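Read the structure below first, then the notes.
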Amino acid sequence: GAVWSWGYGGNGRLGHGNEESQLQPKKVEALAGQHVVAVSAGEFHSLALAAGAVWSWGYGGNGRLGHGNEESQLQPKKVEALAGQHVVAVSAGEFHSLALAAGAVWSWG
């Protein structure tokens with residue numbers, strides 16, 4: 001399905017490619033064409049689950065986005081470290097993220 005976000009846009013946490021706040025729901029266009037089945041919003045970042053792949057965006061401090069660095073992402077980016085894991089659930093905490101894959105829990109941040 002489609003992902004929509006709104007509210008405070010600092011560090012790109014809404015996924016629209018900028019840091020603008022949104023007063024009304026706006027479709028996250030970077031995920032168009034992905035069959036998103038779950039989302040999770042942390043305080044500073046967000047996660048989406050589509051076809052077993054994890055996407056993250058927002059503030060990258062402490063490595064919470066899972067891209068091997070601390071760079072913020074203004075729009076969703078696939079977490080390549082989980083490629084091939086067929087993730088079935090995600091959760092975004094304040095400073096960390098979790099993913100559940102077949103018989104394993106992955107954590108980062």
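The values are calculated or read from the model by the stated rules, or taken from the named source; none is laboratory data. Values in this document were obtained by computation on a predicted structure and should not be read as measured data. As a convention, Cβ positions derive from the backbone with ideal geometry for all residues, glycine included, and neighbour counts pool all protein chains shown. In case anyone asks, the SASA skips ligands and DNA or RNA and just uses the protein heavy atoms, side chains included. Shrake-Rupley method; radii C 1.70, N 1.55, O 1.52, S 1.80 Å.
List the relative contact order of the range 45-85 as a percent without decimals, with contacts defined as Cα pairs under 8 Å and 6+ residues apart.
Numbers: 77 pairs, mean separation 15.0, N = 41.
Taking the mean separation of contacting Cα pairs over the length of the range 45-85, I get 37 percent.
Sparsely packed loop sites in the range 30-109 (the GluC sites (Glu not before Pro) outside DSSP H, G, I, E and B with at most 11 other Cβ atoms within 10 Å) comprise 94. Spread over its residues, the convex hull of the C-alpha atoms of the range 32-80 is 66 Å³ per residue. Over the range 59-109, Cα pairs under 8 Å with separation of 6+ residues give a relative contact order of 34 percent.
Comparing mean-square fluctuations of 84, 63, 42 from a GNM of the chain with C-alpha springs under 10 Å, the top value falls on 84. Averaged per residue, the chain has 53 square angstrom of accessible surface, using a 1.4 angstrom probe with ligands and nucleic acids left out.
Relative contact order (percent) for the chain, with alpha-carbon contacts under 8 angstrom and 6 or more residues of separation? Don't jump to the answer; show the numbers that get you there.
Values: 304 pairs, mean separation 25.2, N = 109.
Result for the chain is 23 percent.
Here the accessible area is traced with a 1.4 Å probe on the protein chains. For the chain, carbon and sulfur cover 52 percent of it. When the chain is treated as a Gaussian network with alpha carbon springs shorter than 10 Å, the biggest mean-square fluctuation among 45, 16, 35 belongs to 35.
When +1 charges are put on Lys and Arg Cβ atoms and -1 charges on Asp and Glu Cβ atoms, the dipole computed for the range 13-109 relative to its Cα centre reaches about 260 debye. The amide H of residue 4, built 1.01 Å from its N in the peptide plane, has 28 as neighbours under 5 Å, considering only residues 5 or more places off or on other chains. Across the range 48-53, rounded Karplus estimates of 3J(HN,Hα) from the backbone phi angles (6.51 cos²θ - 1.76 cosθ + 1.60, θ = phi - 60°) give 9, 10, 9, 6, x, 9 Hz, Gly and Pro being marked x. For the chain, the alpha carbon positions stretch 40, 29, 18 Å along the principal axes, listed from largest to smallest.
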